[in-house]
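First the structure, in the form of structure tokens, and then the observations on it.
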Amino acid sequence: MEISHRMVIPTLLLFVLVIVDLGECHNRSSELRCGYHGPAIRFPFRLKDRQPDQQRGYPGFDLYCSDNNHTVLELPTSVKTFVNSIDYKSQQINVTVSDGCFPRIIRGLHLPSSPFQFKTENNYLYNYALFNCTPRTDTNFRRIHCLSSRRQLVYAFQSYSVIEDLPILSCTKMYSVSSVPSDIWNSPFLELTWSEPKCGPCELKGEKCRFKNNSTDFNIECVNPYGNKGRLTKIVATVSILGPFLLALAVYAFYHVYRYDKTEKENQARIEKFLEDYKALKPTRYSYADIKRITNQLSEKLGQGAYETVFKGKLSSEIHVAVKILNIFKGDGEEFINEVGTMGKIHHVNVVRLVGFCADGFRKALVYEFLPNDSLDKFISPVDSNSFLGWEKLHDIALGIAKGIEYLHQGCDQQILHFDIKPHNILLDQNFNPKISDFGLAKLCAKDQSAVSMTTVRGTIGYIAPEVFSRNFGKVSYKSDIYSFGIVLLEMVGGRKNFDVNVETTSQIYFPDRIYNLLEQKEDLRVYVEDSGDAKLAKKLAIVGLWCIQWHPIDRPSVKSVVQMLEGKGDKLTIPPNPFASTSSRRVSENMPTRRLIQELQVIPESD
């Protein structure tokens with residue numbers, strides 16, 4: 001059994017880290033706490049009545065547990081606070097009081113006689129005078145909410161405030177406090193720090209802080225909690241405690257490494273066999289080093305999907321390419337074989353050209369011609385937007401897509417069914433000529449084959465033909481691509497996506513029904529149409545799209561008929577049978593403002 005070192009070494013490192021971390025967890029679990037969620041209590045703190053007297057804490061750092069397991073710290077003079085957290089590395093402690101009102105006890109708090117200090121920004125502390133004022137007092141000074149009521153408002157005025165600015169005529173002084181932070185008045189928490197003893201450096205090194213040599217003075221030292229043998233002793237101690245569990249974990253990890261490596265080797269062998277048979281075909285095979293050179297070390301990213309990342313590259317100063325780097329942790333190589341095997345055999349002006357590929361060990365990449373205008377989905381937009389291409393150009397794009405599909409269905413040695421026709425997979429060159437791309441889900445079959453078998457649903461939600469979901473609508477065939485193309489046409493006409501996962505309304509999902517209703521009522525289709533010629537083009541695209549999305553495959557035209565309809569003037573086209581008969585009573589024209597189209601057209605029968 002051969003196991004890849006690239007997988008074993010990281011796994012072993014992870015295994016060691018798990019052991020060390022478990023040791024640390026075991027060490028943490030042995031620390032004293034008041035309740036499960038209470039802060040860990042260790043030097044310089046000491047938990048009274050829970051630790052022997054010889055385990056001394058530092059003076060002033062005594063804690064105790066309340067009846068409901070809260071950690072209590074008493075500050076001078078007899079001010080009881082509850083500890084929320086202790087940060088031993090930065091030497092900070094966060095406390096609160098029972099009612100969350102520190103101003104109520106601030107007068108009796110005398111920090112100078114304790115080892116703690118207020119945590120403040122820039123070490124600034126202030127003197128304040130507290131005044132009881134009438135509710136009508138108009139002032140911008142700091143109001144203390146927990147001491148105020150409907151009948152009286154309590155304010156804290158800083159000692160340097162100008163007397164003319166104070167509303168003293170409607171206020172009565174209560175008392176003064178000195179050297180407190182400015183944020184103490186309305187915060188339910190109080191941050192305290194301590195400077196002695198300096199245990200923070202010990203904590204940062206992962207060592208234990210204690211009295212030096214168990215002496216009676218207050219000198220401290222840092223020691224390794226596992227003695228002179230250090231971290232190795234810690235690991236050994238942890239393994240001795242958790243040995244059986246760790247052994248099972250190790251066996252489990254090695255088993256999965258072996259299974260993953262074996263599966264990857266089988267996939268790689270299958271791909272290599274395919275590529276060996278593929279040598280006679282045109283696309284160039286590149287090494288991964290070539291790919292990095294072509295893309296300038298993968299420096300310019302064009303886009304990213306769940307299974308691949310696309311980079312811009314150069315074969316020469318004049319030839320630019322798009323390089324799709326496949327994710328080595330996704331898929332079993334089937335889509336890579338589909339794409340190379342399919343696109344290497346086809347050459348058409350409306351199909352993107354595969355320049356080369358890379359299958360260098362587990363690294364796989366596809367190299368395509370570079371198309372500067374991105375994909376059609378960037379131009380599915382309202383007519384009054386900056387990205388609208390104009391009706392003639394939209395018509396030319398639709399005709400180009402149809403001719404590309406016609407070539408796939410009828411112009412190759414084998415019939416190629418794409419199964420993922422959508423705007424994102426229609427790329428546009430410098431002149432906005434369309435090219436069909438992404439053949440990862442394609443299937444090859446004989447030209448005379450009327451149906452294909454499928455074990456899983458292929459395609460993108462919103463563009464998948466009904467028969468792909470359920471055979472009750474008919475057999476899966478080239479007509480499934482016709483349906484997807486019809487949805488693309490209706491999106492171009494409607495200026496919107498057929499399916500948006502961010503919108504949950506049914507009107508968003510079934511907007512082709514709106515287009516049918518508008519045509520049936522001779523309503524407008526778009527916000528603005530320049531002239532009657534544009535109106536004819538818009539209506540032609542809509543009618544052809546509705547023919548293509550008929551629920552049953554037998555009712556859809558062949559791609560040859562689609563091309564003929566798009567090349568014709570459209571004067572003899574009629575609206576097809578309503579594919580949304582069950583919802584034909586809905587008429588929603590107000591949400592889709594359009595321009596009137598007036599042509600009467602004749603039915604186009606299916607022609608195979």
* Asked: Kirkwood hydrodynamic radius for the stretch 278-370: how many Å is it when counted over pairs of different Cα atoms?
  -> 13.4
* Bridge type composition, the stretch 278-370 - antiparallel percent by DSSP, nearest 5 -> 90
* Structure fact -> Counting Lys and Arg as +1 and Asp and Glu as -1 over every other residue whose Cβ sits under 12 Å from the Cβ of GLU74, the net charge comes to +1
* Structure fact -> Over all viewing directions the Cα convex hull of the stretch 297-440 casts an average projected area in nm² of 9.6
* **Filter on LYS540/LYS569; LYS539/LYS560; LYS403/LYS539; LYS378/LYS443 - keep pairs with C-alpha separation over 18 Å** => LYS539/LYS560; LYS403/LYS539; LYS378/LYS443
* With 31 Å as the limit, write out which pairs from LYS435/LYS536; LYS262/LYS312; LYS324/LYS536; LYS205/LYS262 have Cα-Cα distances beyond it, or answer none. => LYS262/LYS312; LYS324/LYS536; LYS205/LYS262
* Structure fact -> Most exposed to least, judged by fewest other Cβ atoms within 10 Å, SER170, SER437, SER316 sort to SER316, SER170, SER437
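Would you mind counting up the charge near VAL223? Only other residues with Cβ under 12 Å from its Cβ, with Lys and Arg at +1 and Asp and Glu at -1. Spell out each step's value before the answer.
Working: positive: LYS205, LYS208, ARG210, LYS212; negative: GLU207, GLU221.
With Lys, Arg at +1 and Asp, Glu at -1, the neighbours total +2.
Bear in mind these aren't lab numbers, they're just calculated from the coordinates by the rules spelled out. If you're wondering where the values come from, they're calculated on a predicted model, not measured in any experiment. We place every Cβ from the backbone using ideal geometry, glycine too, and count neighbours over all the protein chains shown.
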